[in-house]
Amino acid sequence: MALTQALITGGAGFIGSHLTERLLAAGQTVTIIDDLSTGRLANLAHLEGDARLRVVVEDIRNTQVMDRLVSECDVVYHLAAAVGVEKILSEPIATIEINIGGTEVVLKTARRYRKQVMLASTSEVYGKGVRFPFTEDDDTVMGATIRSRWSYATTKAIDEFLALAYHKEVGLPVVIFRLFNTVGPRQTGQYGMVLPRFVQAALAGKPIQVYGDGEQSRCFCNVHDAVEAIYGLSQMPSAVGQVFNVGSREEVSILELAKRVKARAGSESEIRLIPYTEAYEAGFEDFRRRVPNIAKIQSMIEWEPTTTLDETIDQIIHYYREKMNDGGNHT
Ligand code: UDP
């Protein structure tokens with residue numbers, strides 16, 4: 001049966017708002033539930049007036065509301081979570097409670113009505129993995145519990161375990177996608193994400209702050225490509241019960257990223273190296289590399305990221321320039 005009524009938890013967030021657009025473009029009706037903790041209605045402003053879109057401002061742990069919304073949809077895209085390194089370090093209790101409690105409600109309710117769940121997870125679950133690229137059935141290597149960074153990875157790993165348990169024990173149709181660094185317009189730098197921070201600093205002529213020696217690397221995937229992957233997986237019955245990496249293979253060091261942002265923005269900003277001890281709380285552990293193996297999703301849906309990092313940087317520069325011209329919120 002075709003899935004035509006979607007519920008997106010966290011739909012007012014950066015990725016959720018792009019997914020909303022994609023599903024509407026596919027002719028689906030979309031209901032969003034978002035408590036606006038990190039999401040913003042402004043992310044959806046351009047879709048206002050579309051009769052197929054409904055926005056409910058509520059915490060996903062409100063079981064009554066979730067019961068009604070899940071009963072009315074065909075598929076739940078569960079994106080709502082506490083995200084961003086800065087937020088996770090500053091709100092460790094909420095991170096754990098929302099990420100585990102919210103997913104529990106989603107899965108329990110989906111079971112009641114036997115609805116498909118598309119669960120957003122993260123490359124953080126690989127932890128300090130040392131074998132590159134990261135492949136879905138690799139071991140996870142978590143850090144010590146005294147370091148709160150690892151709580152995020154652990155909560156998302158628990159979410160994955162729980163979703164897979166529902167699939168195994170009661171046959172709930174679940175698909176898990178592990179998002180690697182995902183970037184694009186509407187992402188805010190407020191919670192720690194590097195690329196919007198670099199772009200904002202470059203446009204404001206402020207120092208671009210590179211943490212550590214800048215030799216750590218990441219693969220940045222454009223949000224349009226990521227959303228295409230999520231949509232593609234949702235249409236594929238054989239994806240059920242499985243975990244998929246979603247990310248780009250274009251690897252770049254953070255120092256190189258800073259240089260590229262500066263050049264593309266035509267900025268005079270200084271690129272400044274900031275020791276980790278100044279950037280984060282004591283004992284913070286960063287990842288040196290993070291590279292996805294995307295062979296599995298490619299064999300499932302023939303997906304390939306098509307946007308280059310330079311194109312993405314240009315999109316983000318354009319987005320923030322427009323915002324500055326509007327005199328809007330610059331975060
Ligand atoms: N980073 C940085 N300057 C910033 C924010 C982040 O140099 O203003 C670094 C950070 O230490 C990490 C990389 O950029 O090495 C990516 O950080 P982000 O939080 O975006 O993603 P994650 O660490 O979760 O991959």
## Note on the structure
Per the 1/(1 + (r/R0)^6) rule, R0 = 35 Å and r from the Cβ atoms of A42 and L3, FRET efficiency to 0.05 is 0.80
### Message
Expected output is a single nm value to one decimal: the length gained when fully extending between K108 and D139, i.e. 0.36 nm times separation in residues minus the C-alpha distance. What is it?
### Response
8.4 nm
### Task
Could you list, in their original order, any pairs among K115/K168; K108/K168; K115/K296; K128/K259; K87/K323; K206/K259 whose Cα atoms are separated by more than 18 Å?
K115/K296; K128/K259; K87/K323
### Query
Once phi is turned into ³J(HN,Hα) by the Karplus curve 6.51 cos²θ - 1.76 cosθ + 1.60 with θ = phi - 60°, what whole-Hz value does each residue of the stretch 33-49 show in order, with x for glycine and proline?
10, 8, 8, 6, 5, 10, x, 9, 4, 4, 5, 10, 4, 5, 9, 4, x
## Note on the structure
Contact order relative to length for the stretch 203-320, counting C-alpha pairs under 8 Å separated by 6 or more residues, stands in percent at 45
### Query
PRE reach from E285 (point 7 Å along Cα→Cβ): which of the stretch 140-167 fall under 16 Å by backbone N?
140-157
## Note on the structure
Convex hull around the C-alpha positions of the chain: the volume in Å³ per residue is 125
### Query
For the stretch 137-203 and the stretch 18-89, what is the separation of their C-alpha centers, rounded to whole Å?
18
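How large is the Rg to Rh ratio of the stretch 156-251 when both quantities use alpha carbon positions and Rh follows Kirkwood?
Numbers: Rg = 17.2 Å, Rh = 15.7 Å.
Ratio of gyration radius to Kirkwood radius for the stretch 156-251: 1.10.
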### Message
Once you place label points 7 Å from the Cα toward the Cβ at S71 and E268, how far apart are they in nm?
### Response
6.3
### Task
Assuming R0 = 25 Å, can you tell me the calculated FRET efficiency for the pair V57 and Q190, based on Cβ-Cβ distance, to the nearest 0.05?
0.85
### Message
Rounded, prolate or oblate, given the Cα gyration tensor of the stretch 225-313, with a/c below 1.5 counting as rounded?
### Response
oblate
### Message
Spelling out what I want: for every residue of the stretch 174-184, take phi, set θ = phi - 60°, compute 6.51 cos²θ - 1.76 cosθ + 1.60 (Karplus), and round to whole Hz; glycine and proline get x.
### Response
10, 10, 10, 10, 9, 7, 8, 3, 10, 9, x
### Summary
the chain accessible area per residue, 1.4 Å probe, protein heavy atoms, integer Å², reads 43
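Using R₀ = 25 Å, calculate the FRET efficiency as 1/(1 + (r/R₀)^6) where r is the Cβ-Cβ separation of E304 and E251; round to 0.05. Could the numbers behind the result be given before it?
Details: r = 16 Å, r/R0 = 0.65.
For R0 = 25 Å, the calculated efficiency reads 0.95.
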### Query
Using modelled backbone amide H atoms (1.01 Å from N, in-plane), which distant-in-sequence or interchain residues come within less than 5 Å of V75's amide H?
Q5, L7
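Taking all protein chains as present, what is the carbon and sulfur share of the accessible area of the stretch 25-175, in % to the nearest whole number, probe 1.4 Å?
Working: 3710 of 6820 Å².
Answer for the stretch 25-175: carbon and sulfur cover 54 percent of the accessible area.
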### Message
So for each of 290-299, 137-146, 179-188 I average, over its residues, the number of other beta carbons within 10 Å; can you give me the resulting order with the highest mean first?
### Response
179-188, 290-299, 137-146
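Would you kindly calculate the mean projected area, averaged across all directions, of the convex hull enclosing the Cα atoms of the stretch 92-231, in square nanometres?
Details: hull surface 41.3 nm².
About 10.3 nm², averaged over all directions.
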### Query
When the chain is modelled as a GNM with alpha-carbon springs shorter than 10 Å, which of A226, A163, A25 fluctuates the most?
A25
#### Entry: V227 - accessible surface, heavy atoms, 1.4 Å probe, Å² rounded to 10
0
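Below 8 Å between Cα atoms, with a sequence gap of 6+, how large is the relative contact order for the stretch 82-218 in percent? Provide the component values of the computation, followed by the final result.
Details: 148 pairs, mean separation 40.8, N = 137.
Averaging sequence separation for qualifying contacts and normalising by length gives 30 percent for the stretch 82-218.
Stretch E97-K168 to full length: gain in nm at 0.36 nm per residue minus the Cα-Cα span?
Working: separation 71, 0.36 × 71 = 25.56 nm, distance 2.43 nm.
Full extension from E97 to K168 adds 23.1 nm.
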### Message
If I stretch the segment between N325 and F161 completely, what's the gain in nm (0.36 nm per residue apart, minus their alpha carbon distance), one decimal?
### Response
54.5 nm
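Pairs of alpha-carbon atoms within less than 8 angstrom and 6+ residues apart define the contacts here; what relative contact order does the chain have, in percent? Before the final figure, lay out each step's value.
On the way: 630 pairs, mean separation 56.2, N = 331.
Relative contact order for the chain comes out at 17 percent.
The values are calculated or read from the model by the stated rules, or taken from the named source; none is laboratory data. The model shown is predicted, which means the values in this text are computed figures rather than measured ones. FYI the Cβ positions are ideal-geometry reconstructions off the backbone, even for glycines, and counts take in every protein chain you see. Accessible surface areas use protein heavy atoms only, side chains included; no ligands, DNA or RNA. Shrake-Rupley method; radii C 1.70, N 1.55, O 1.52, S 1.80 Å.
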